[in-house]
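A quick write-up on the structure given underneath.
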Amino acid sequence: MKSYRVAIRGGQVRALARGVLLRSCLGGPLGLTPGIVMADKPIILSGMQPTGGLHIGNYLGALKQWATLVREDQHDALFCIVDAHAITIPYEPEKMPGLVLDAATSYIAAGIDPDQCTIFLQSDVPEHMELAWYLSAVTALGDLHRMTQFKEKSDQHKENVNAGLFTYPVLQAADILIYKANLVPVGDDQKQHLELAREIARRFNTRFTNVFPEPQAKLSRTPRIMGLDGKSKMSKSKGNTIGLLDAPKTIEKRLKSAFTDEKKLRLGDPGRPEVCNVFTMHTALSPTDQIDTIRADCQSGALGCGDCKKALSTVMLAELEPIRARADELNGNPKRVLEVLKDGGARARKRAQATMADVHTAMGLTTDHRGYSSRS
Ligand code: SF4
């Protein structure tokens, strides 16, 4: 049985618990009054689209950090697979269930322990979409027009520039705010969306009542991993990735082709590690003393790119080997992964419903018939 503490402060009951909707000694669900239920640890939320075959950029930029955060046990963590976001770009519906299963498998295989956090599927919690609608009423059109990702994705998918692509950041804000998240691990390309989520929270709180904390960004140690072509962010659609579960031989081969510092043409040429994506990956995977040596030897010209890539290959394979082994094990028991999603979805939904009660009350979208009222 989960233990919890309840403290009375300033006439309000604060229930301090983890991931559970508590009932007060007065008999009512504590989550139904704005600002009453609080987790005992900062709430952290992040998510990823089930686009198929997560890659080393996803791992170094997000999954590795998430796994560490869960291990440290300092946060009440929720990790979402954002399938409702994935439908804003062309996709094949019959493949989506398999992609979701792959993503959940990769989350767990990467070390995100489902017993220590909540892993769930966005569409299992329809309240995200409901909240997005309400939040759209406090979101300025001009703010959405300024989002660079909308411009990039509209260029990328000219044949399908849909409204969902445009309002994507509002749904993203709902994903975060519905759990009253305090921290959001993001890559630097998502900072603009997070800033908008903060703005939306402020506007809602000002227009109605204080329901949402303003979430802070938590950048990972390697927020931006470029693709092997060195031209753009690593992305499956660009074919410039190393798959998280690729075979060792494939990883070695792919790494050999990685773009480095264009001014370093041969051994002896001084290099610029600060502009080299291979070095960025070293900073995420190699021991600190080795990183310092690589930096110095690259700058002096003593290290050639071939050897540098071989060293990266060694540390990368060592890092990914246990992940691949765990993924093989889970692929042999997909029921286990589906159970994680089912359980995570149920727990996430309870929490989302408690927030929606706060939202309905704040916005006056209820009467006494639901057991909570904007007039109480
Ligand atoms: S030696 Fe390493 S860090 Fe330097 S440019 Fe070549 S690959 Fe990049």
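Derivation of every value follows stated rules applied to the coordinates shown; laboratory data play no part. The shown structure was predicted, so the numbers you read here are calculated from the model rather than taken from an experiment. Quick reminder, even Gly has a Cβ in these numbers, built from the backbone with ideal geometry, and neighbours come from all protein chains shown.
Structure summary
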| read-out | value |
| --- | --- |
| Partner aspartates and glutamates for residue 263 [C-alpha distance under 20 Å; skip if fewer than 8 residues away on the same chain] | 229, 274, 297, 307 |
| Amide H partners (placed H, <5 Å) of residue 77, local residues excluded | 44, 118 |
| Amide H contacts under 5 Å for residue 218, placed H, 5+ residues apart | 184, 186 |
| Sum of -39500 (n - 2.57) over DSSP H runs of 4+, divided by residues of the chain (222 nm, nearest 500) | -14500 deg cm²/dmol |
| Long pairs among 151/335; 64/238; 233/335; 238/350; 158/191, criterion Cα-Cα beyond 30 Å | 151/335; 233/335; 238/350 |
| Whole-number percent relative contact order across the chain, with pairs defined as alpha carbons under 8 Å at least 6 apart | 21 percent |
| J(HN,Hα) series, the range 100-105, from Karplus relation 6.51 cos²θ - 1.76 cosθ + 1.60, nearest Hz, glycine and proline x | 5, 4, 4, 5, 4, 4 |
| Order of 242, 291 - criterion: other Cβ atoms within 10 Å of each residue's Cβ, fewest first | 291, 242 |
| Kirkwood Rh, Cα atoms: Rg over Rh of the range 255-376 | 1.37 |
| P(r) of the chain over all Cα-Cα pairs, binned every 10 Å from zero, in whole percent | 5, 22, 29, 24, 13, 5, 2, 0 |
